[in-house]
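See below for the structure under consideration.
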Amino acid sequence: MYNLLGKHAATSNSIKSIDLTIDHTKCGSSNSSNFPVLVSISHTNIKTVANGGYVYRSDGNDIEFFSDAGHTTLLNWEVEYYDGTNGILISWVSVPTVSSSTDTKIYMQCGSTSITTFQGGSAGKVWTNDGNYGGVWHLPNGTTLSATDKTTNANDGTITNATAATGKVDGGASFNGSNTNIDFGSSSTIKSTSATTVELWFYSNSLATTDQRIFCDWHNSSSTDRWLIYNQSTTTIAFIWANSGETQYPFCNFNISANTWYHMVGTWDGSTVKVYLNGSTSGGTWTGSQSMSSMNAGATKAVRMGKQSEGANYFNGYTDEARISNVARSADWILTEFNNQNGPGNIGSANFISYSSWY
């Protein structure tokens, strides 16, 4: 049954619902608007009915997310992965406001026999609600590597020898340290001349004594440079934002270990660089007169993952969930991202999200 607004009303006995509560203590000290919340569930009840669960359709299209307890206002969401046989759902839900002062609730239901098509908005809409994403690459699904951009900007990556692997969120990309990379091109949508945020999860198989380029928009040291995330030594990861000839740059280091997942973010607001590892800015900040437009002579150089834009310096390890935004994301936004993606919570195991009983 549908109400007058055209939204699905939870009146059928076949429909099962569950409430999701976001822990505000994991969301910093200010609210985040149009925030893409990771909902990651592995549970028997998310299997299809044929496999003993509550989901009616094998494609999961009857799984819906709402902003209200009456289940009348649909949210926008993307399904990154659904397995109805084993009961696994990985979805990104655009929540209008994630509060830092009170817990935020959203609502999920499944089992409607009347739904045939996806209800969560047009493809990629979750990433355009905020209006600031230049590129989002999930690198799913652990079996067949894809570098498709989930925004409408279509900055799809060209894969050279990189392969699929288990990631932090879902699947990830594996780099062998010798001949693997992903080229995302040089579109202005991922090479902004104003504020920018770059981020990804990475896992180093071995920490090198020579540089390993993980994610970069980099020309070379004798010409125009931009930003670079790289494994600098046997103990550190570094983020650089540089201008011509590296004459002026922040050099922010963090101590890391091999065989561990880390979330790294660099932001530029037009005057200040801030660098975050696992939601913290302990690596440092830097303020200077450099502008992004002064570095734009390198605009023809591609954004790459796994190697330097020119030359080699290949990365040996894994990456997942890379994003470029055309704004400087706030510290609270970045902390909320880290807490959500690092420990999303599951049915029966609360973390960033806790779940009610089914009803």
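The values are calculated or read from the model by the stated rules, or taken from the named source; none is laboratory data. What you are looking at is a predicted structure, and each value in this text was computed from that prediction instead of being measured. Heads up, the Cβs are rebuilt from the backbone with ideal geometry, glycines too, and the neighbour counts pull from every protein chain shown. When the accessible area is computed, the model is the full protein with side chains, heavy atoms only, and any ligands, DNA or RNA have been set aside. Shrake-Rupley method; radii C 1.70, N 1.55, O 1.52, S 1.80 Å.
Criterion applied to Ser94, Ser100, Ser112 was being polar (S, T, N, Q), crowded, with 17+ Cβ neighbours inside 10 Å and not in a loop (DSSP other than H, G, I, E, B), and the one residue passing it is Ser94. Of everything in the range 299-311 that is closer than 20 Å to Ala165 by Cβ and not aliphatic (A, V, I, L, M), the residue that is surrounded by the fewest Cβ atoms within 10 Å (Cβ to Cβ) is Arg304.
Scanning the range 312-340 for residues that are open to solvent by 10 Å² or more (accessible area, probe 1.4 Å) and either among the aliphatic types (A, V, I, L, M) or part of a helix (DSSP H, G or I) (or both) turns up Ala312, Val327, Ala328, Ala331, Asp332, Trp333, Leu335, Phe338, Asn339.
Listed by first and then second residue, the pairs linking a residue in the range 57-69 that is closer than 17 Å to Asn45 by Cβ and basic (Lys, Arg) to a residue that is open to solvent by 50 Å² or more (accessible area, probe 1.4 Å) and assigned to a loop (DSSP other than H, G, I, E, B), with Cβ atoms under 9 Å apart and 6 or more places separating them unless they lie on different chains, are Arg57/Thr113; Arg57/Thr116. Quick one: would you say Thr160 is modelled with pLDDT of 95 or more, surrounded by fewer than 17 Cβ atoms within 10 Å (Cβ to Cβ) and outside any loop (DSSP other than H, G, I, E, B)? The answer is yes for Thr160. Close contacts from the range 249-269, counting a first residue that is under 18 Å from Ala195 (Cα atoms) and a second that is modelled with pLDDT of 90 or more and open to solvent by 50 Å² or more (accessible area, probe 1.4 Å), with Cβ to Cβ under 8 Å and a gap of 6+ residues or different chains, come to none at all.
Per the conditions (1) part of a strand (DSSP E or B); (2) modelled with pLDDT under 95; (3) among the β-branched types (Val, Ile, Thr), the sole criterion not satisfied by Val136 is (2). Restricted to the range 310-325, and to residues there that are of a type in the set (Asp, Glu) and touching an Asp or Glu at 6+ places or on another chain (Cβ under 9 Å), the residue that is farthest from Ser204 (Cα to Cα) is Glu321.
Per the listing Ser192, Ser187, Ser204, Ser178, the residue uniquely hydroxyl-bearing (Ser, Thr, Tyr), out of contact with any helix residue (DSSP H, G or I) (no Cβ under 7 Å at 6 or more places or on another chain) and open to solvent by less than 30 Å² (accessible area, probe 1.4 Å) is Ser204.
A single entry from Trp137, Trp127 fulfils the requirement of being open to solvent by less than 10 Å² (accessible area, probe 1.4 Å), of a type in the set (Phe, Trp, Tyr) and farther than 21 Å from Tyr314 by Cα: Trp127.
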